[in-house]
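J.: Could you have a look at this structure, given as structure tokens, before my questions?
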Amino acid sequence: MMASILTKCPVCNGALTIKTLQCTSCGLELKNDFEPSPFDRLDAEKSTFLLTFLKCRGNMSLVQNELQLSYPSARKKLSDLLAALELADTDSDEQKEEELDMQNWVTDPNSTKASEIIKTKLKESGGRAIVHSISGVAYEIKAEPDGKSFSTEALPPKPNYTYDVFDVIVDLLLSQGGRAKKGVARARNARLGDPNFEETTVVGAIAKNYWGRKVGESSYDPVFALAAVLEWAGIAHNERGYLELTADYLRRREQ
């Protein structure tokens, strides 16, 4: 087994250069000062993370599962890797956002409210998490500094949704025995009260009870993203055409 390239002197920790390259077939030797690439200088931990990141095609959720890391730890390792490869932008907005201070967040880990469960879980994940739509599309959700709202590239940037939108959805599911149709409002000119956009659908309940829309008014359909968050939090199963509360969540409410 060939040894990996040493890039640091074991005595003084100075940088090492490669003086000779030899062909394994004919023995030809090339002598010069060959400098290792940034990839050669990666330690074993960073090399493992890089290979895992590539294997998972950049999906941080899969990286977390593969390496048994929390989301903040995985993000930190990615930042360290980029810095080691001299690809990091120290003034980037992403790095600034990673410094979100959640020390003063007030959460109730024993609450059965969907809003509290999701807010607590997001806090435990360092303010960021990857959720997946029913078709497998990955979305990143991010906690906002106000402690009341979250954002994701899957939804319009303004205004951000607040956590209590999940209480609206769960209240609807509970009122219908734990299961409700998602509904479709993403079609052009769809209005509250239209077929498949009734108040008894998830999208209809959000339009009426969260946004305050009246029958005949239009509203955006965010269910594809919000359903992914509910499934990530273990509150509801995200099925095609409907949402259904999980058995674990229903047991939690009964305790």
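J.: Residue under question is Leu155, and the condition is that it be modelled with pLDDT of 85 or more and touching a Pro at 6+ places or on another chain (Cβ under 6 Å); does it hold?
T.: Numbers: modelled with pLDDT of 85 or more: yes; touching a Pro at 6+ places or on another chain (Cβ under 6 Å): yes.
The answer is yes for Leu155.
J.: Among the residues of the range 209-220, is there at least one that is on the phi > 0 side of the Ramachandran plot and of a type in the set (Gly, Ala, Ser)?
T.: Just the residues of the range 209-220 that are on the phi > 0 side of the Ramachandran plot, to begin with: 212, 216.
In the following step, the residues that additionally are of a type in the set (Gly, Ala, Ser) were identified as 212, 216.
Within the range 209-220, one or more residues are on the phi > 0 side of the Ramachandran plot and of a type in the set (Gly, Ala, Ser).
J.: Here are some conditions: (1) at pLDDT below 80; (2) of a type outside the set (S, T, N, Q); (3) farther than 23 Å from Gly126 by Cα. Lys55 meets all but one. Which one does it not meet?
T.: All conditions are met except number (1).
The values are calculated or read from the model by the stated rules, or taken from the named source; none is laboratory data. Everything numeric here is computed off the predicted structure, so don't read it as measured data. Positions of Cβ are generated from backbone atoms using ideal geometry, with glycine treated the same way; all protein chains shown enter the neighbour counts.
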